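A short worksheet on the structure shown next.
Any read-out appearing in this document is the output of simple, stated calculations on the displayed coordinates, not a laboratory observation. For clarity, every value in this text was computed on a predicted model and none was experimentally measured. Cβ sites come from the backbone with ideal geometry, for glycine too, and all protein chains shown count toward neighbours.
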Amino acid sequence: MDKNSAALYKKMQTEVESYQNLQKSCVKMVKQRALLEGQLNENKCVLDELNLLGPDNKVYKLFGPVLVKQELEDSRQNVGKRIEYISKELKSSTDTLENMEKDMLKHREAVAKYQQQWQVAAAMK
C-alpha cells in the first residue's frame, strides 16, 4: 500500500470510528427518550386521575415508607410541573437525536467518499 492509499485508509478508519461512536450515543439517547416518554405518559395519567377528584377527596403522597396527606391542588401543581419538565427534556433529547443523525449522515458520506477514493487508488496500481 502506497502512502496515499494508507492515508486514505487511515482517514476512512477515523470516520468509521466516529460513526460507530455516534451510533452508540444515539442508542443511549433513544433509550433515555423512551424512558422519558414512559414517565410523561404516567404523569399525564396521574394528572387525569387527580382532575377526576373532587374537593372532598383526600390525596396522599408516598415519602419513603410513609403516606403523607397532601392538598389536592398542590398535587395537581406538582404533577403539572413534572409534566412540563419532562416535556422540555423530551424536546431537548429530540433535538440532540436530530443533530446526531445529521452528524452520522456526514460521517457516512465521508466514509463512502474515502472508500471510493481508496478503491480508485488501489485500482490504479
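The table for this structure:
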{"read-out": "Within region 3-124: Cβ-based charge dipole about Cα centre, in debye rounded to nearest 20 (Lys, Arg +1; Asp, Glu -1)", "value": "680"}
{"read-out": "Set K44/K81; K24/K102; K44/K91; K24/K44 screened for pairs whose C-alpha atoms are more than 20 Å apart", "value": "K24/K44"}
{"read-out": "Cα-based reach from K113 at 20 Å (exclusive), listing aspartates and glutamates while leaving out same-chain residues under 8 positions away", "value": "D2, E15, E17, E101, D103"}
{"read-out": "If the convex hull is drawn through the Cα atoms of the chain, its volume per residue in Å³", "value": "111"}
{"read-out": "Stretch gain in nm, segment D103-Q116, where the contour uses 0.36 nm per residue and the Cα spacing is subtracted", "value": "2.7 nm"}
{"read-out": "Charge-dipole axis of the chain as Lys and Arg at +1 and Asp and Glu at -1 on Cβ define it, positive-most pick from M100, V16, L62", "value": "V16"}
{"read-out": "Rounded to 10°, Cα long-axis angle of helix 72-123 versus longest principal axis of the chain", "value": "10"}
{"read-out": "222 nm mean residue ellipticity, helices alone, for the chain (DSSP H n ≥ 4; -39,500 (n - 2.57); rounded to 500)", "value": "-30500 deg cm²/dmol"}
{"read-out": "12 Å beta-carbon shell around Q70, net charge (K/R +1, D/E -1)", "value": "+1"}
{"read-out": "Helix axis angle, 3-52 relative to the chain longest principal axis, alpha carbon, degrees", "value": "10"}
{"read-out": "Distance between region 1-29 and region 49-80 - C-alpha centres, whole angstrom", "value": "53"}
